[in-house]
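Encoded as structure tokens, the structure appears first; notes follow it.
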Amino acid sequence: MPDGVLINGKGPYQYNDTLVPDGIDYETIDVHPGKTYRLRVHNVGISTSFNFRIQSHNLLLAETEGSYTVQQNYTSLDIHVGQSYSFLLTTDQNASSDYYIVASARFVNESQWKRVTGVAILRYSNSKGKAAGPLPDPPQDEYDKTFSMNQARSIRWNVSASGARPNPQGSFRYGSINVTEIFVLKNKPPVTIDGKRRTTLSGISFVNPATPIRLADQFKVKGVYKLDFPSRPLTGPPKMETSLINGTFRGFMEVILQNNDTKVQTYHLSGYAFFVVGMDYGEWSENSRGTYNKWDGIARSTTQVYPGAWTAILISLDNVGVWNLRTENLDSWYLGQETYIRVVNPEVTNKTELPMPDNVLYCGALSKRQKPQDISFATSITTSSSKLFLAVLMVASALLFH
């Protein structure tokens, strides 16, 4: 459900009191007139996109997931599972009253989801009264995702801003680099494999190995995984495998995420920022590359794929390791909708990967190597903070699950 910080406990827009204990107030953000504030908004939910908006205010988008964006004003923005954005909020209203901050569920039956709409208050220091009346409207396209996709396409990389970017010189021209590897990853609705409900990528439902993949490499343990993930979806029956993508160190990979399910999927790649270069409805084809943004596609680590649509990303494989590519939708992720990209430096060097830590946990075929762990420090922390953790857990559970 919507990002948990912005939900109230008192007044006209209340928590579901079957989930949240008494005494938890709604969030109020206090501001001064004539100032500019940076707001970081995250969707830390497990399955649902939401729309974020502030009554009577524009949101100037400035950053997403470590990349500066072309600065554009939005009256509201769809934020999908696992995504983060930074907005610049200018307090330029007359403060005749407080203002509602709203995060409401998207692409669901909205009449059923109104009870979990997140509401907070923006309060000017010279406010003349409490917020009242109806909440600001969400986009009027409950079952039409065209508006949301066009909005997503409008989010572009700021190629002239100084600061962090995928290369330190700021001269990365991803559109002119030759692609060395192409993978089309297709997800579908859940299927039954060997009597079990599973989700798949390209016909493969990932099975987590008993022995960690990187440790298997380190100690040359055979049979833990296969480097045979298909570059195109399988045409035969789906299967359960520990199948990895064999990435080439310093290669340039094109990945097309094809969503043939009925709900929005969000994909995250650990260890990388990738370039989102295209998205559209229908089946991706070779001709789809003609629509790619080859100049200022946003660099980020999490991207949405709309139902019945595709999203194309480009990845510069310069980070050695074994990196998880997964859906962020928990109900699909835990059933197998993921894989890993294995990137190995063929040169014998210690400069492209950190050494294995001393307290590494061994399991599976390497469990006999496990040494006793010193847990005294962790135990003392757990004991002293257990009450605080329990309170946070209760609130988080109330905010994130539906």
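Miscellaneous remarks
- Length available on full extension from Tyr37 to Arg289: 0.36 nm per residue minus the Cα-Cα distance, which gives 86.9 nm.
- Accessible surface of Tyr340 - all protein chains present, 1.4 Å probe, nearest 10 Å²: 50
- Nearest-0.05 FRET efficiency for Val44 and Asn73, computed from C-beta distance (R0 25 Å): 0.50
- Among the protein heavy atoms, those of Asp228 account for about 80 Å² of accessible surface (1.4 Å probe, every chain in place).
- Relative contact order for segment 28-154, counting Cα pairs under 8 Å that sit 6 or more residues apart, in percent: 30
- Subset of Lys220/Lys368; Lys294/Lys351; Lys222/Lys351; Lys145/Lys188; Lys351/Lys371; Lys186/Lys220 violating a 24 Å alpha-carbon distance limit: Lys294/Lys351; Lys222/Lys351; Lys351/Lys371; Lys186/Lys220
- R0 of 41 Å, Cβ-Cβ distance Thr146-Gln373: FRET efficiency to nearest 0.05: 0.20
- Potential lengthening between Thr352 and Thr90 on full extension [0.36 nm per residue; Cα-Cα distance subtracted]: 90.0 nm
- Peptide packing for 153-160, 50-57 was compared via the average number of neighbouring C-beta atoms within 10 Å per residue; ordered from the highest value, the list is 50-57, 153-160.
- If the chain linking Asp318 and Lys220 were pulled fully straight, counting 0.36 nm for each residue of separation and taking away their Cα-Cα distance, it would gain 33.0 nm.
- Lys188 sits with roughly 110 Å² accessible to a 1.4 Å probe, with DNA, RNA and ligands left out of the calculation.
- Sulfur and carbon atoms: percent of accessible area, segment 32-154 [1.4 Å]: 49
- On a per residue basis, segment 28-154 carries 43 Å² of accessible surface, using protein heavy atoms and a 1.4 Å probe.
- Its Cα centre serving as origin, segment 224-305 has a Cβ charge dipole (Lys and Arg +1, Asp and Glu -1) of approximately 180 debye.
- Considered as an equivalent ellipsoid built on the Cα gyration tensor, segment 28-154 has semi-axes of 24, 19, 12 Å, the largest given first.
- Förster radius 22 Å - calculated FRET efficiency between Arg197 and Cys363, Cβ distance, rounded to 0.05: 0.25
The values are calculated or read from the model by the stated rules, or taken from the named source; none is laboratory data. On a predicted model such as this, the values are computed, not experimentally measured, just so you know. We place every Cβ from the backbone using ideal geometry, glycine too, and count neighbours over all the protein chains shown. The accessibility values were calculated without ligands, DNA or RNA, using every heavy atom of the protein model including side chains. Shrake-Rupley method; radii C 1.70, N 1.55, O 1.52, S 1.80 Å.
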